[in-house]
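Below is one structure, written out as structure tokens; the observations come after it.
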Amino acid sequence: MKPSLPIDVFDSLHELLHLFRARMRKAMETVHPELTFNEMRILMRAGRQPGITQRDLVEHSHADKAQMARLLAHLEERGWLTRSPSESDKRVRCLRLSAQGQQFFAQLRRLQESVAADLLQACPPPSQAQLLALLRQACDSADAHSGCTR
């Protein structure tokens, strides 16, 4: 069968993401052994997007609502996450990191930075910037053709 450049691109992206996640899981074990990868993903998303809603997290992660509710309750019990009513719709709860959660978020960001830098060490910064620009261009093109927005 003839090689397909588009498929090879996505296969390479998948492999790189798989390596990143595997190394993040291993690195997280040293920082906080009982934290699950999904809990880390929620904390990272809430740290990057303060005020994100549970619904937004469910849509982004494709997790089921009940599972997400349990994960959020667990993170709230640990003191890393707070929920407050939305100013525009009091039925909607907005998620934010607590002070303790913000400290933990900063630690996780440093960990991510270290793992990512290690994986991309053979790729100089100008090439990384070019790769990022190309990936953003591909995402924008995909969004334009699908009618979806990120």
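Here are the numbers:
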read-out	value
0 to 90° range, to nearest 10: angle between helix 37-48 axis and the chain longest Cα axis	80 degrees
Length-normalised contact order of the range 58-150 in % [C-alpha pairs under 8 Å, at least 6 apart]	14 percent
Once exposed loop GluC sites (Glu not before Pro) are cut out (DSSP; at most 11 other Cβ, 10 Å), longest piece of the chain	88-150
Between helix 5-31 and the chain: long-axis angle, C-alpha atoms, 0 to 90°, nearest 10	40 degrees
Nonlocal amide H pairs with LEU81, under 5 Å, H built at 1.01 Å	GLU76, SER98
Over the chain: Kirkwood hydrodynamic radius from C-alpha pairwise inverse distances, Å	17.6 Å
Amide H partners (placed H, <5 Å) of CYS94, local residues excluded	SER84, SER86
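None of the figures in this text is laboratory data; all of them are computed from the coordinates on show. Just so we're clear, the structure is a prediction, and the values are computed from it rather than from any experiment. Cβ: placed from backbone, ideal geometry, glycine included. Neighbour counts: every protein chain shown.
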